[in-house]
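The values are calculated or read from the model by the stated rules, or taken from the named source; none is laboratory data. Being a predicted model, the structure only gives us computed values, none of them experimental. Every residue, glycine among them, receives a Cβ derived from its backbone with ideal geometry; neighbour counts consider all protein chains shown.
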Amino acid sequence: MRRPLLATLAAVLALPLLAGLTVAPAHAGAGVDVISRAVTFSVDNTNGTRVACTADGQVHTVHATLVGPRSEVLGASVDRINVLVHDTTTGGWFWQLPGHPAYDWASRLADAGETSLVLDRLGYDTSPLTDGNATCVGAQADMLHQVVEHLRSGHYVYADQPRAVPSAQHVVLQGHSVGAAIAQLEAATFDDVDGLVLMSWSDSGATQAAIDGVQRQSQACLQGADYAAFAPSGKQFRHLAFASAPAGVQRVAARLRNQDPCGDVLSLGSAYATSNALTHQIEAPTLLLYGSKDRLNDPSSKDRQRDAYKSGTPVTTTVFAGAGNALPLERTAPQTQARVIRWLAATLG
């Protein structure tokens with residue numbers, strides 16, 4: 001675990017502030033006491049990016065879970081926090097799949113000493129939005145930027161009691177699919193993160209299956225819906241998301257899948273175009289991860305994505321044989337976890 005002496009000292013100093021707070025235990029690996037804590041952020045639903053879309057401009061509360069070694073979650077300062085940004089259709093549960101500890105991405109990273117923030121984006125699960133047309137992809141990136149700022153300043157609160165929370169010295173964004181696009185857009189627009197881990201995303205490689213799903217959603221949204229499903233049936237969701245995940249993992253994920261805010265759906269086209277235009281501006285070290293059997297990304301797109309960054313940006317690409325789109329939930333998840341942990345240590349220290 002990074003800087004154990006400093007982390008332990010910070011935890012001791014913070015104990016008087018944290019007395020009486022309820023801490024939820026998470027699955028822990030050997031030698032690491034992993035805990036989780038619900039937190040909330042106050043964010044403005046505004047769009048400060050170049051994506052052509054509008055949001056309601058109102059203040060909203062976004063809910064998340066801080067997961068990591070006890071000394072960091074209860075400390076005053078954390079060397080690094082990884083913000084986990086989910087795709088459309090999924091939610092924060094994607095990074096903490098209930099009932100399957102081997103596929104609990106956040107806790108497995110915590111076993112290696114990493115602290116993560118599992119975010120429910122606005123419009124999903126614990127961060128509800130009544131009008132799904134009141135936000136958009138550009139606003140999602142802007143709100144993610146606000147979360148990054150709040151993590152650095154410690155300007156957020158525990159959900160149960162508003163006490164002192166740890167601030168982050170460094171922030172890494174880890175995103176999956178459209179969540180990766182949002183993370184990439186945030187980094188290109190605001191240039192405020194120390195690294196990017198982008199899973200199953202390319203600016204120009206959507207397959208026909210992906211396009212068809214968005215077109216179905218868009219049609220429902222244009223007919224007046226607030227929310228629409230990318231994959232209407234559990235069977236269809238499982239077909240598109242997975243290639244090797246255990247049946248039990250697939251069943252839980254299919255049961256938890258979400259419909260998507262129509263504002264996000266209808267701004268995806270502009271977000272794609274903007275991402276294409278801005279990728280070359282990213283300076284943060286970037287790790288691109290793909291599955292060889294991803295049904296939503298064209299196999300050749302990984303090379304185009306790698307080449308889209310500026311020549312001075314460190315970009316690493318890894319492809320996992322036999323894996324589908326939902327990399328953290330595929331049978332190769334342990335290898336994916338290990339790859340990310342090695343990259344974080346080697347690239348960012």
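For this structure, a couple of remarks:
- Some residue of region 38-57 being more than 30 Å from residue 281 (Cα to Cα), polar (S, T, N, Q) and modelled with pLDDT of 95 or more: yes
- Conditions (1) more than 29 Å from residue 120 (Cβ to Cβ); (2) part of a helix (DSSP H, G or I); (3) modelled with pLDDT of 95 or more; number of the one not met by residue 304: (3)
- Every residue from region 52-103 that is of a type in the set (Ser, Thr, Tyr), buried (at least 21 other Cβ atoms within 10 Å of the Cβ) and under 30 Å from residue 349 (Cα atoms): 65, 71, 103
- Those residues of region 307-346 which are assigned to a helix (DSSP H, G or I) and either surrounded by 16 or more Cβ atoms within 10 Å (Cβ to Cβ) or in contact with an Asp or Glu (Cβ under 9 Å, 6 or more places away or on another chain) (or both), in sequence order: 327, 328, 329, 333, 336, 337, 339, 340, 341, 343, 344
- Pick from region 165-211, criterion farther than 20 Å from residue 118 by Cβ and of a type in the set (Ser, Thr, Tyr), ranking: surrounded by the fewest Cβ atoms within 10 Å (Cβ to Cβ): 204
- Test: residue in region 101-114 that is of a type in the set (D, E, K, R), touching a helix residue (DSSP H, G or I) at 6+ places or on another chain (Cβ under 8 Å), assigned to a loop (DSSP other than H, G, I, E, B) and under 20 Å from residue 226 (Cβ atoms): no
- Considering (1) more than 23 Å from residue 340 (Cβ to Cβ); (2) more than 19 Å from the chain's Cα centre (by Cα), the lone condition that residue 71 does not fulfil carries the number (1).
- Filter result (under 18 Å from residue 208 (Cβ atoms), touching a helix residue (DSSP H, G or I) at 6+ places or on another chain (Cβ under 9 Å) and in a loop (DSSP other than H, G, I, E, B)) within region 269-297: 294, 295, 296
- Region 128-150 - residue that is part of a helix (DSSP H, G or I) and of a type in the set (Asp, Glu) and, of those, farthest from the chain's Cα centre (by Cα): 149
- Some residue of region 99-113 being at positive phi and out of contact with any Asp or Glu (no Cβ under 9 Å at 6 or more places or on another chain): yes
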